[in-house]
Amino acid sequence: MSGTGSNYSIRDEIQAFWSERAATFDQGVGHEIFSEAERRGWRQLLARHLGDGAGRNALDLASGTGVISHLLHDAGFGVTGADWSEAMLEQARNKAAQRQADIRFILRDAENTMEPRQSFDVITNRHLVWTLVDPKAAFAEWFALLRPGGKLLIVDANMGKKAGYRICALCWSAFRWQNRANTWPQLWPSVWPQFAPRSIFLAPCPPKRW
């Protein structure tokens, strides 16, 4: 989609792209959860990397219709879902109302959230990193939002790769890196030097092991 005005930016185009897909987004494979086995896999993944919610504050960036936000809520986190598309947020708020889930959904740019510094214990995002306009600024923003000891969990795909998805969880604990292959080679050279002291964990996504 192209804008006709001179002030139309790539961020406007991204916003329009996802807004146009909001009404049918949950129908796509890899968006909504369609089986209990899939739901169980997501719960295991979140528990393994993030632990029990226990009332801790979680920010779900690019929350879309709220799928991951609801999983975090079910795990006991106090959840804020942020997305760049108001149409997506409308779907998310309707879903939360139907499920009587107390989740805060807000319109935000993931690269500049305007949320208070050190206000979250956990930050998650799914299918966001590949869309970032300025990855370096985004990672700096996310780490600034985390409290000491906080964790960042990223779920994204190696687009077009047979290996499928890779899960990456970054936290502020001792340095560790496993399985460096296929991890956004265009992104890490600019981002990695700043965040090397924090840990990175990689694991395969479904349909294989979680």
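Give me the strands (runs of 3 or more DSSP E) completely within region 94-210, filtered to those with at least 2 residues that are surrounded by fewer than 18 Cβ atoms within 10 Å (Cβ to Cβ) and at pLDDT below 60, ordered by residue number. Show your work before the answer.
On the way: elements: 104-107, 120-126, 146-157, 165-171, 199-204.
Of the strands (runs of 3 or more DSSP E) lying wholly inside region 94-210, those with at least 2 residues that are surrounded by fewer than 18 Cβ atoms within 10 Å (Cβ to Cβ) and at pLDDT below 60 span 199-204.
A residue that is outside any helix (DSSP H, G or I), crowded, with 23+ Cβ neighbours inside 10 Å and within 17 Å of the chain's Cα centre (by Cα) occurs somewhere in region 44-59. Looking across region 21-43, the residues that are surrounded by fewer than 16 Cβ atoms within 10 Å (Cβ to Cβ), assigned to a loop (DSSP other than H, G, I, E, B) and within 18 Å of the chain's Cα centre (by Cα) come down to Gly28, Val29, Gly30, Glu32. So, of the residues in region 65-93 that are part of a loop (DSSP other than H, G, I, E, B) and without any contact (Cβ under 8 Å) to a residue 60 or more places away in the chain, which turns out to be farthest from Leu145 (Cα to Cα)? If we take residues in region 65-93 being part of a loop (DSSP other than H, G, I, E, B) and without any contact (Cβ under 8 Å) to a residue 60 or more places away in the chain, then Thr65 is farthest from Leu145 (Cα to Cα).
The values are calculated or read from the model by the stated rules, or taken from the named source; none is laboratory data. Small disclaimer: the values here were computed from a predicted structure and weren't measured. Virtual Cβ from ideal backbone geometry, glycine too; neighbours counted across all protein chains shown.
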